[in-house]
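The values are calculated or read from the model by the stated rules, or taken from the named source; none is laboratory data. Quick caveat, the model's predicted, so the values are computed rather than measured. As a convention, Cβ positions derive from the backbone with ideal geometry for all residues, glycine included, and neighbour counts pool all protein chains shown.
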Amino acid sequence: MASKAKILTEAEIVKMPKSDYMNAAQLKFFRERLMDLQKQLRENAGATTEHLRELSFAPDPADRATLEEEHALELRTRDRERKLLKKIDQALARIDDGSYGYCEETGEPIGIQRLLARPTATLTIEAQERREMKQKLYGE
């Protein structure tokens, strides 16, 4: 990345005029945010692997059931995080190809506020609502 733009704060990003949408500084901000999230999720996955490797002997059936439930919950959480990692990789690829921040259905800007809340978003709120309504109606 050849951009020499400094990393802005959320407040600075929000204050920028719409004409500056997805400029080099904003793209750098979101790339850093996505990479930080990616690093955090990978560290969580490593901790889970270590935690599950620890031998847990529980002679009491109730204790054993509790441990098994905790492990199952942890594994479900990591599965959600694994799916989020895939979305982060896709978002980083969109930054590289210049399509980040734009709706994959309409091509319209997704919006800074939405990207701050969900940096992996691929749809505007309106397009997302249409998709969810369609899924509800047609079970797709």
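Quick look at the values:
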quantity	calculated
Filter pass, I13 being surrounded by 13 or more Cβ atoms within 10 Å (Cβ to Cβ) and at pLDDT 95 or above	no
Restricting segment 26-73 to residues that are among the acidic types (D, E) and farther than 30 Å from P109 by Cβ, the residue that is modelled with the lowest pLDDT	E54
Test: residue in segment 116-125 that is in a helix (DSSP H, G or I) and either touching a Phe, Trp or Tyr at 6+ places or on another chain (Cβ under 6 Å) or surrounded by 12 or more Cβ atoms within 10 Å (Cβ to Cβ) (or both)	yes
Close pairs (6 angstrom Cβ cut-off, 6 or more residues apart or separate chains): under 13 Å from E74 (Cβ atoms) and surrounded by 12 or more Cβ atoms within 10 Å (Cβ to Cβ) in segment 37-56, aliphatic (A, V, I, L, M) and at pLDDT 70 or above anywhere	S56/L67
Residues located in segment 98-112, provided they are closer than 19 Å to L34 by Cβ and exposed (fewer than 12 other Cβ atoms within 10 Å of the Cβ)	G98
Candidate set from segment 79-97 (those that are modelled with pLDDT of 95 or more and over 12 Å from the mean Cα position of the chain (by Cα)); member that is farthest from L41 (Cα to Cα)	D97
